[in-house]
1. Being under 20 Å from G56 (Cα atoms) and modelled with pLDDT under 85 is the filter here, so list the residues in region 108-152 that pass it.
2. Could you list, ordered by first residue, the pairs with Cβ atoms under 7 Å in which the first is in region 46-74 and without any contact (Cβ under 8 Å) to a residue 24 or more places away in the chain and the second is of a type in the set (K, R), at least 6 apart or interchain?
3. What residue, among those in region 83-118 that are in a loop (DSSP other than H, G, I, E, B) and either among the charged types (D, E, K, R) or open to solvent by 50 Å² or more (accessible area, probe 1.4 Å) (or both), is nearest to L53 (Cα to Cα)?
Amino acid sequence: METHTQKFKIRLGLFIAGGLALFVVTIFIIGKQKNLFNPVFEISANFKNISGLQVGNTIRFSGIAVGTVDDINIINDSTIKVDMLIRKEVMQYIKSDCIVAIGSEGLIGDRLMVITHGSPDSPLVKEGQMLASVEPVETDAIMASLQVTAGNAEYISAQLAEIIFNINSGKGTIGRLIQDTAIAENLSETMYNLKTSSKGLDENMEAAKHNFLLKGYFNNKEKAALDSLEQVQKAADKQKKADEKQLKDEQKEAEKINKEEEEKQEEEKK
């Protein structure tokens, strides 16, 4: 006697089929992410500290996911070997002088490995080759550095606030200059006196030029300047005449050569 109806059997079959389909899709997605169905090659890198890197983390080249971390082994107390599986199709772009670094997805995201570009003339990487690496920067070290920077900024801000307060209170040289109106008036009066003195000095120099006792001195200075200008003009005229004479001589020489050439050609024709 049947204990299950036909409708129950259909539901059970659909449930099993759906479960198998979901299982296959899951295996396909995981296999694609872990490069289980793609041809891969293996390379390695050594680190002193992998900073939380785990097997299965992503490997990127030019910002593109190209592989996964296959294995992590402790070689000794100062060396950790990381094996990487890279898609075979990417092998033609990775050079032997590429550098491997450990980064993260965002500020506090999962760890990943980054392969930098190599030089164009360098040979391609080989299967099982060991690449150079760069040690990662620890988050704790970054936070400690930021904490020191924040402390320094706080101290500087306090000092600036104190300086501004003293200035506004009229303390110190700058504060007195800004707040004390008497000092400002004295500075203004000093600048006016300097301007007046400068104007008076110009008038005295002009008067000295017309003074009977100093007139000869200024005349001699003016004469010396005129003589110097005249000498320069004479030197320029002399150089101009020399250039003109040289040009005429060169023209005569060219005419002489042309004439000789014409006579030579006439003789050859005869």
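The values are calculated or read from the model by the stated rules, or taken from the named source; none is laboratory data. Please read these numbers as outputs of a predicted model, since none were measured by experiment. Heads up, the Cβs are rebuilt from the backbone with ideal geometry, glycines too, and the neighbour counts pull from every protein chain shown. The protein model used for the area step is the full one, side chains on, heavy atoms only, and it has no ligands, DNA or RNA in it. Shrake-Rupley method; radii C 1.70, N 1.55, O 1.52, S 1.80 Å.
1. If the condition is that a residue be under 20 Å from G56 (Cα atoms) and modelled with pLDDT under 85, then I108, G109, D110, P136 are the ones that fit.
2. From region 46-74, the pairs are G56/K34; N73/K81.
3. By that ranking, first place goes to D110.
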